[in-house]
Amino acid sequence: MKTMNRRHFLSTLSAAGLAACSKKPADANAPLRFGHFPNITHIQGLVAHALSRQGKGWFEPRLGVPVEWFVYNAGPSATEAIFARSLDVTYIGPSPVLNAYAKSKGTEIRILSGAATGGSALVVRPEAGIQTPADFKGKRIATPQLGNTQDVQLRAWLADNGIKVTATGGEASVLPTQNPDQLALFIKRDIDAVWTVEPWVSRLELEAGGKIFVEDKGTFATILASSVAFVKDRPELAKKLVSAHEELTEWIQKNPLEARKLIQSELKELTTKAPGEALLDRALPRVVLNTEVNRSGLDEMVVAAQKAGFLKDIPSLDALLPQL
């Protein structure tokens, strides 16, 4: 199993900085434009954003620059912001990163670190009569956004189980729908199943009686990715960011109660409703923090995206990750 070697990655960043010396230097004091989603799978983003709101920023003192936070519903929106040069770095799922890498022929996006695995599941309505994979034929299934990690996982899973799905229909209907809207549609019985992430998995269980049909415990739910321009133009800041992210991950693991309070406060800011204790008790153990990047896991995601019809051609992943 291959994983990202942090020391080699930092050396790669230094080399990138030397290569960029001939260009106009980036403003060393410019804010870092940082993205994340309002999901428990983005624990590091929630905790760091909450600390920034409190004036106790995690990244700010470690990086020496201001941090501007941006919140997205799902990965494709964040990669569009990277393409538009309006975002430097983001917590994000792997599928949108791979799609952006392929779309830009490897020139626009890089993976800096892992962040979390697990926290993703396919949830069904008990009344929908789904007992086996074949029962998904004719059903309406929601995902957070077209081409996001859970959307790709669902489409690949359906293909593996002999259920044909197209962009406009097929033997089951896949409906890209924002997470808050999924819950309302699920309760109204307008959809039969949802593949999503925490805390929405647990909310579907606790508030709508949903049942987990498939739980994904091993796939990377979240990684830390950046624009190529950020790595090339601000290599020293990128090195500090990787270190600060690893330090934050370790702090969360060692201080779960304090991290939990920060997660609650940030989700309340972003969704107007703080998650209850029962919800956190169920959701948090399903998310495993992990800063390594498993190359074979990314290769598996490429295969899944190809099954789902999203990736026809993709450059070698060597440029996406440092040489190991």
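The values are calculated or read from the model by the stated rules, or taken from the named source; none is laboratory data. None of these values were measured; they are calculated from a predicted model. All Cβ positions, even for glycine, are placed from backbone atoms using ideal geometry, and neighbour counts span all protein chains on display. Note: accessible area is taken over every heavy atom of the protein model, side chains too, but ligands, DNA and RNA are not part of it. Shrake-Rupley method; radii C 1.70, N 1.55, O 1.52, S 1.80 Å.
Things to note:
- Accessible surface for the chain, divided over its residues, is 43 Å² per residue with a 1.4 Å probe.
- 5 angstrom amide H check on LEU311, placed H, neighbours 5+ away: GLN306
- Rolled with a 1.4 Å probe across the full set of protein chains, the surface gives ASP160 an accessible area near 100 Å².
- Cα shape, segment 116-204, gyration tensor, a/c 1.5 rule: rounded
- Where (i) 26.3; (ii) 15.8; (iii) 30.8 are the candidate values, the label of the one calculated here for mean projected area of the Cα convex hull in nm² is (ii).
- Residue order for LYS232, LYS139 - accessible surface, 1.4 angstrom probe, largest first: LYS232, LYS139
- Just the protein heavy atoms count here, and of the accessible area of the chain at 1.4 Å, carbon and sulfur take up 50 percent.
- Distance between the C-alpha centres of segment 264-324 and segment 62-79: 15 Å, rounded to the whole angstrom.
- Seen from a random direction on average, the alpha-carbon convex hull of segment 66-134 projects onto 7.3 square nanometres.
- The peptide list 256-267, 108-119, put in order of mean Cβ contacts within 10 Å with the highest first, becomes 108-119, 256-267.
- Principal axis analysis of the Cα atoms in segment 157-259 yields extents of 50, 36, 24 Å, listed in decreasing size.
- Of ASN99, GLN182, ASN255, farthest towards positive along the dipole that unit charges on Lys, Arg, Asp, Glu beta carbons give the chain: ASN99
- When shorter helices are ignored and each DSSP H run of at least 4 residues is given -39500 (n - 2.57), the per-residue value for the chain at 222 nm works out to -13000 deg cm²/dmol.
- Segment 147-196 shape via C-alpha gyration tensor axes, a/c threshold 1.5: prolate
- Out-of-range pairs (alpha-carbon distance over 28 Å; input LYS232/LYS261; LYS240/LYS307; LYS137/LYS307; LYS56/LYS273; LYS137/LYS273): LYS232/LYS261; LYS240/LYS307; LYS137/LYS273
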